[in-house]
Amino acid sequence: MRGVRSLHNQGVPDTWNLERTGRDPLDFHRRLPGYEPTPLTEAPRLAETLGVGRVWVKDESSRLGLPAFKILGASWAVYRALEEHSENGIGAWDDLEELRERIGPLLPLALAAATDGNHGRAVARLAGLLGLEARIFVPADMVAPRVEAIAAEGAAVVVVDGGYDEAVARSAEEAGERCLVISDTAWPGYERVPLWVIEGYSTILWEVEDELARRGEPGPDLVVAQIGVGAFAAAVVAHFRAKRADLKILGVEPEGTACMLASVEAGRIVSLPAPRASIMAGLNCGTPSKVAWPIVSKGVDVFVSIEDEWARRAMRLLASAGLVSGETGGAGLAGLLALADDAEQEPTRHLLGMNGEANVLLFNSEGPTDPEVYARIMAGEGASSATAPNSG
Ligand SMILES: Cc1ncc(COP(=O)(O)O)c(C=O)c1O
């Protein structure tokens with residue numbers, strides 16, 4: 001089975017230095033209730049399958065009580081937005097209770113976001129923790145379990161007549177004195193919050209670095225990031241390029257929504273005219289984020305787009321390594337499997353240094369969001385009926 005297309009980037013600079021906040025997001029996340037670093041699992045069987053030296057999987061299937069990493073970006077962005085919104089700053093605080101007290105004078109206040117799943121649920125969770133209202137805008141065809149999960153956080157869920165882009169546009173209209181829009185994607189004139197989202201994801205990467213140092217292990221040679229609007233990949237580039245210029249970064253997108261690959265090919269941000277939804281729902285985005293674009297388009301070495309079947313195979317392999325992943329969670333491994341399988345991708349494997357010496361870092365960015373579909377995929381069945389639009 002092939003089902004993979006790769007694009008070698010021409011624009012990779014020697015160094016990349018974007019880490020402006022250092023460990024500030026990590027210090028912030030440490031003060032949230034239930035914070036603990038997620039596991040970094042070594043997976044020798046995956047390494048063997050891929051023909052590489054070692055594979056580490058950073059397991060984000062459970063993060064601060066939610067089944068994906070996205071709350072790291074959402075929470076840091078909410079915090080920074082609140083700081084900016086309060087005339088005299090928030091001041092010192094040690095725990096959530098104190099933070100709630102500090103922001104008391106700003107109430108009543110709402111948070112608004114567009115999503116089809118993880119990001120919106122994370123914003124809703126934050127609103128609940130901070131005593132704020134949440135209005136979450138979702139595309140018309142969002143699957144019921146995702147709507148229910150957001151509503152269960154206490155948010156008002158507004159179903160928008162249209163897709164993800166329409167939901168984003170609708171959420172933007174909410175901005176005002178009593179409502180902060182927390183989007184993980186950027187558009188002209190709205191760039192600060194999505195940058196904070198990228199900064200917030202750096203916590204994952206500091207945890208990896210600290211854990212490898214604690215074990216006395218070398219860093220990765222190849223890092224693989226799944227790409228939706230590109231915010232997560234931007235965090236990966238920002239963190240690792242500053243540290244090691246010869247490290248390779250691979251970006252993975254579903255075949256039908258490979259908007260970053262299409263944009264890099266075009267040399268500018270393009271919107272896919274007719275994105276075809278994938279089972280990797282978190283990656284179903286038709287347009288790259290404006291703030292992620294300059295970082296990802298220059299800092300990622302290779303972009304691949306893959307068919308859904310690779311995601312199912314990746315989920316099964318991750319399960320055999322003791323890791324429970326959703327379709328989007330397994331996408332990074334899926335990209336590597338597709339590259340490893342195709343003789344024509346030898347130049348790509350060579351460029352990425354996929355050989356017996358390579359240390360590879362992957363992210364299981366999401367746990368299973370639909371137990372029924374998960375069970376079917378584990379049983380070896382294709383689950384193409386489970387397509388859903390963006391869950392970012
Ligand atoms: C679980 C999961 N992984 C990866 C991504 C991709 O992140 P980004 O949209 O920042 O590229 C998303 C986006 O929603 C996601 O939900």
Determine whether the range 86-107 contains at least one residue that is in contact with a strand residue (DSSP E or B) (Cβ under 8 Å, 6 or more places away or on another chain) and not hydrophobic (A, V, I, L, M, F, W, C).
no
Would you point out which residue out of ALA311, ALA281 is modelled with pLDDT under 90, within 12 Å of the ligand (Cβ to nearest atom) and hydrophobic (A, V, I, L, M, F, W, C)?
ALA281
Does any residue in the range 207-231 that is touching a residue at least 12 places away in the same chain (Cβ under 8 Å) come within less than 6 Å, Cβ to Cβ, of a residue that is among the basic types (Lys, Arg) six or more places away or on a different chain, and which pairs are these?
VAL208/LYS58; LEU222/LYS248
Output the number of residues of the range 134-168 satisfying the condition of being under 22 Å from PRO67 (Cβ atoms) and part of a helix (DSSP H, G or I).
10
May I ask you to verify whether VAL304 is assigned by TED's automatic domain parsing to the domain that holds VAL270, within 22 Å of GLY73 (Cβ to Cβ) and not aromatic (Phe, Trp, Tyr)?
no
Taking the range 174-191 only, how many residues are within 20 Å of the chain's Cα centre (by Cα) and more than 16 Å from the ligand (Cβ to nearest atom)?
1
Restricting attention to the range 184-200, report how many residues are touching a Pro at 6+ places or on another chain (Cβ under 8 Å) and assigned to a helix (DSSP H, G or I).
2
Does any residue of the range 169-181 turn out to be surrounded by fewer than 23 Cβ atoms within 10 Å (Cβ to Cβ), part of a loop (DSSP other than H, G, I, E, B) and of a type in the set (A, V, I, L, M, F, W, C)?
yes
The lone condition GLY117 fails out of (1) within 16 Å of the ligand (Cβ to nearest atom); (2) more than 23 Å from ALA186 (Cβ to Cβ); (3) touching a residue at least 60 places away in the same chain (Cβ under 8 Å) is (2)
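I need the full set of residues from the range 322-363 which are of a type in the set (Gly, Ala, Ser) and buried (at least 21 other Cβ atoms within 10 Å of the Cβ), in order please. Talk me through it step by step, then tell me what you get.
To start, the set of residues in the range 322-363 that are of a type in the set (Gly, Ala, Ser) comprises 322, 325-326, 329-332, 334-335, 338, 340, 343, 353, 356, 358.
Scanning the range 322-363 gives SER325, GLY326, GLY329, GLY330, ALA331, GLY332, ALA334, GLY335, ALA338.
The values are calculated or read from the model by the stated rules, or taken from the named source; none is laboratory data. Quick caveat: nothing in here was measured; it's all calculated off a predicted structure. As a convention, Cβ positions derive from the backbone with ideal geometry for all residues, glycine included, and neighbour counts pool all protein chains shown.
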